[in-house]
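Participant: Could you have a look at this structure, given as structure tokens, before my questions?
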Amino acid sequence: MDGEELLQRIAQQAKENELLQPPAGGSSLIEGALEDGAETGLPMAQVIGEEEVRKANDILHKYKAGKAQLDKRIVDNELWFRMGHWKNYENKMMQGKPKPSSGWLFNSIANKHADAMDNYPEPNVLPRAQDDEETARALSKILPTVLEQCDYETVYSDTWWRKLKTGTGVKGVFWDPALRGGLGGISIKSMNLLMLYWEPGVEDVQDSPNLFSLSLENNDRLESIYPQMAGHTGGSLDTAKYIHDDSIDTSDKSVVVDWYYKKALPGGQTVLHYCKYCNGVVLYASENDPSLADRGLYDHGQYPLVFDPLFREEDSPAGFGYIDVMKDTQTAIDEMNHAMDENVKLAAKARYVLSDTAGVNEEELADFSKDIVHVAGRLNDDSFRPLQVAGLAGNLITYRDDRVSELKEISGNRDVSQGGTTSGLTAASAIAALQEAGSKLSRDMLKSAYRAFTKECYLVIELMRQFYDEERIYRITGEGGGTEYVPFSNAQLQPKPGGMVGGVQLGDREPVFDITVTAAKKSTFSRLSQNETAKECYQMGLFNPANADAALAVLDMMDFEGIEKVRQRVSQNGTLYQQLQQMAQQMQKMAAIIDQQNGTNVSAAAGAAAQAAAGGQAAGGSADNVKSTLNGLGGVVGQSGSNSMATQAAKRAMDVNNPNKE
């Protein structure tokens, strides 16, 4: 068979099987077939096959061995969180006895989670170039909607629970082509750290050459989706498992591996590839896909997972959490509680030392329903006496309470952070100051979470840049608070011409953005503080257009959330006020000319109107009419310049205790 005849045969077979690719990829296939001397062949060679999967499996086992201690710690921490940690201790003295588990550790974790939910993040997209301002404003409104469609609040909550328990929260930002009826959409998931594996020794997961994500899938479902899995299901790969009170049967499930790896192209560019396999069978591989072989799975080239460690460890992208720090103190508290409970029970129950010669009817003595206990012979202290049990000493209880206080200090979960106060502390301003000072650890945790959230938003924008080919409509809240419907596609994110310099065409410029994070859902204290700041600014007259210059000088020395919007509004009001003043002066001059020509008195009316308008503006925001009230010590409550929060708290207390108040 000569070369021309072989060429015709290959082309005919490819056409019949609908496997012939566009000319850009078809010529290389034919040339490869001619070079190999094959009579028939597939249009594209399978880059990822059984041999590559076997090598990947070997790498996975190596990664699992390096993460074994972390997996064990994760399983143990789950028991601690569920207050089932006594299962980890083989103490013969504890067999058959109650195992008390106090909830101090759980209470600390729950309060940290509540702090995180009180500060739910919201992105604000800022442009790096002036011509990207409109796109940045659109993204600032659209990103929260995209996150809402991904049920991000649930993902945020679940990830925080895992972050507090295991020390690391992981979110995955993926593109799901099956969403929206096949149109595709962004999917964000909270990932189980127990089922993730990376190269041991790397601090940033993006530096790992491979990343594995494992999941258990039902065998019947696997075979229905992937017919090539018929006869290949089963448990050939062990995975770490949590310890549950209920029995969970996984005999009808198979371990599916999502294998992400980075590959360097000849030009030096690194692309991200993906392979899904189960028990050595390739279910999908991006390198086997002609459209993704050179491009990679995602254009951003990063692993679609964002790690958020609580307390960072060296040489690992995972960290440790509060349970790892508090478990020893919690163990000591539980052991002391167990000993104290046993002591109380022994002291509360009547027990006796009885000699064999005492002649006491033991059945009647043990039966508390019997009023009379028969005795044969005479009783004395040598043959019968109560068994005395020493009660709990006060210093023992004090020591246990000190260990509880130690645990609170370790976790930063002091009483004041939960709304409790120490004796003698009644001033509202002092309580607020202590609460604010006690939340330093929570603010530090939130900053690390916000940094991870920023990375997630960047991944979302990059997925929108790659996959949002068709225009989508989003419902957003407009500037005035009304509902608006905004169309958006990746056309606004595509590279733009760089322009001409000296007659030379510059390269295309891709829109790049910066992301800042604010708290969309704030704590009650934060909202109250923000409202107090606004009222204080109003009382100082900062919103009076006539005081715009002075107000801007004051705002330059202040720092609070949203100050840029306030500064912009004050500047606009000041400019508008100056324009109105200039127009009023011009109208007075025109009125004087009209009066001179017609003999009327229009200028007087215009001057009075201008003075009335100026007086109304000057009165706005003035603090002269603020009411003041004297407290029981003669101090002024409600006076301008005092602490507003303390003032209101004191005034409310006075109103409650005032019998003459109507």
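The values are calculated or read from the model by the stated rules, or taken from the named source; none is laboratory data. As the structure is a computational prediction, the values presented were derived from the model and not from experiment. As a convention, Cβ positions derive from the backbone with ideal geometry for all residues, glycine included, and neighbour counts pool all protein chains shown. For the accessible areas, the whole protein counts, side chains as well, though only heavy atoms, and no ligand, DNA or RNA atoms are used. Shrake-Rupley method; radii C 1.70, N 1.55, O 1.52, S 1.80 Å.
Participant: Report yes if residue 474 is at pLDDT 90 or above, surrounded by 12 or more Cβ atoms within 10 Å (Cβ to Cβ) and under 26 Å from the mean Cα position of the chain (by Cα), otherwise no.
Facilitator: No: the conditions fail for residue 474.
Participant: Search region 580-597 for residues that are within 19 Å of residue 546 (Cα to Cα) and pair each with any residue that is of a type outside the set (A, V, I, L, M, F, W, C) and part of a helix (DSSP H, G or I) when their beta-carbon atoms are under 9 Å apart and the residues are at least 6 apart or on different chains.
Facilitator: Once the first residue is within 19 Å of residue 546 (Cα to Cα) and sits in region 580-597, its partners that are of a type outside the set (A, V, I, L, M, F, W, C) and part of a helix (DSSP H, G or I) give 580/545; 580/617; 584/607.
Participant: For region 182-189, does any single residue satisfy the condition of being within 29 Å of the chain's Cα centre (by Cα), modelled with pLDDT under 90 and in a helix (DSSP H, G or I)?
Facilitator: Yes, there is a match, as at least one residue in region 182-189 is within 29 Å of the chain's Cα centre (by Cα), modelled with pLDDT under 90 and in a helix (DSSP H, G or I).
Participant: Of the residues 438, 498, which is within 23 Å of residue 163 (Cα to Cα), at pLDDT below 75 and surrounded by 10 or more Cβ atoms within 10 Å (Cβ to Cβ)?
Facilitator: So the residue among 438, 498 that is within 23 Å of residue 163 (Cα to Cα), at pLDDT below 75 and surrounded by 10 or more Cβ atoms within 10 Å (Cβ to Cβ) is 438.
Participant: Now for a separate question. Does region 163-175 contain any residue that is in a strand (DSSP E or B), buried (at least 17 other Cβ atoms within 10 Å of the Cβ) and without any contact (Cβ under 8 Å) to a residue 60 or more places away in the chain?
Facilitator: No, region 163-175 contains no residue that is in a strand (DSSP E or B), buried (at least 17 other Cβ atoms within 10 Å of the Cβ) and without any contact (Cβ under 8 Å) to a residue 60 or more places away in the chain.
Participant: Do we find that residue 486 is surrounded by fewer than 16 Cβ atoms within 10 Å (Cβ to Cβ) and under 18 Å from residue 124 (Cα atoms) in this structure?
Facilitator: Criteria met by residue 486.
Participant: Taking region 199-222 as the search range and keeping residues that are in a helix (DSSP H, G or I) and closer than 20 Å to residue 308 by Cβ, which one is most open to solvent (accessible area, probe 1.4 Å)?
Facilitator: The qualifying residue most open to solvent (accessible area, probe 1.4 Å) is 207.
Participant: Same structure again: Residue check, residue 21 against (1) out of contact with any helix residue (DSSP H, G or I) (no Cβ under 6 Å at 6 or more places or on another chain); (2) open to solvent by 50 Å² or more (accessible area, probe 1.4 Å); (3) at pLDDT 50 or above, all met but one. Which one?
Facilitator: Of (1) out of contact with any helix residue (DSSP H, G or I) (no Cβ under 6 Å at 6 or more places or on another chain); (2) open to solvent by 50 Å² or more (accessible area, probe 1.4 Å); (3) at pLDDT 50 or above, only one is false for residue 21: (3).
Participant: For region 337-379, which positions are open to solvent by less than 60 Å² (accessible area, probe 1.4 Å), in contact with a helix residue (DSSP H, G or I) (Cβ under 9 Å, 6 or more places away or on another chain) and assigned to a loop (DSSP other than H, G, I, E, B)?
Facilitator: 373
Participant: If you don't mind, another one. Name every residue in region 540-597 that is of a type in the set (Lys, Arg) and over 30 Å from residue 126 (Cβ atoms), in order of residue number.
Facilitator: Scanning region 540-597 gives a single hit, 589.
Participant: Moving to a separate point now. Is at least one residue of region 274-295 part of a helix (DSSP H, G or I), touching a residue at least 12 places away in the same chain (Cβ under 8 Å) and over 30 Å from residue 233 (Cα atoms)?
Facilitator: No, because not a single residue in region 274-295 is part of a helix (DSSP H, G or I), touching a residue at least 12 places away in the same chain (Cβ under 8 Å) and over 30 Å from residue 233 (Cα atoms).
Participant: A follow-up question, please. Counting only residues that are assigned to a helix (DSSP H, G or I), open to solvent by less than 40 Å² (accessible area, probe 1.4 Å) and closer than 15 Å to residue 450 by Cα, how many does region 114-142 have?
Facilitator: Final tally of qualifying residues: 1.
Participant: In addition: Out of 551, 534, 605, 592, which single residue is under 22 Å from residue 518 (Cβ atoms), part of a helix (DSSP H, G or I) and hydrophobic (A, V, I, L, M, F, W, C)? Reasoning before the result, please.
Facilitator: Numbers: 551 fails: under 22 Å from residue 518 (Cβ atoms); 605 fails: under 22 Å from residue 518 (Cβ atoms); 592 fails: under 22 Å from residue 518 (Cβ atoms).
Unique residue meeting the criteria: 534.
Participant: In region 82-113, how many are in contact with a helix residue (DSSP H, G or I) (Cβ under 9 Å, 6 or more places away or on another chain), in a helix (DSSP H, G or I), open to solvent by 80 Å² or more (accessible area, probe 1.4 Å) and at pLDDT below 75?
Facilitator: The qualifying residues number 1.
Participant: Would you please list the contacts, defined by Cβ atoms under 9 Å and residues six or more apart or on different chains, that run from a residue in region 178-202 that is more than 23 Å from residue 159 (Cβ to Cβ) to a residue that is assigned to a loop (DSSP other than H, G, I, E, B) and among the hydrophobic types (A, V, I, L, M, F, W, C)?
Facilitator: Taking only residues 6 or more apart or on different chains, the pairs are 184/178.
Participant: From 79, 60, grab the single residue that is open to solvent by less than 20 Å² (accessible area, probe 1.4 Å), under 27 Å from residue 169 (Cα atoms) and touching a His at 6+ places or on another chain (Cβ under 6 Å).
Facilitator: 79
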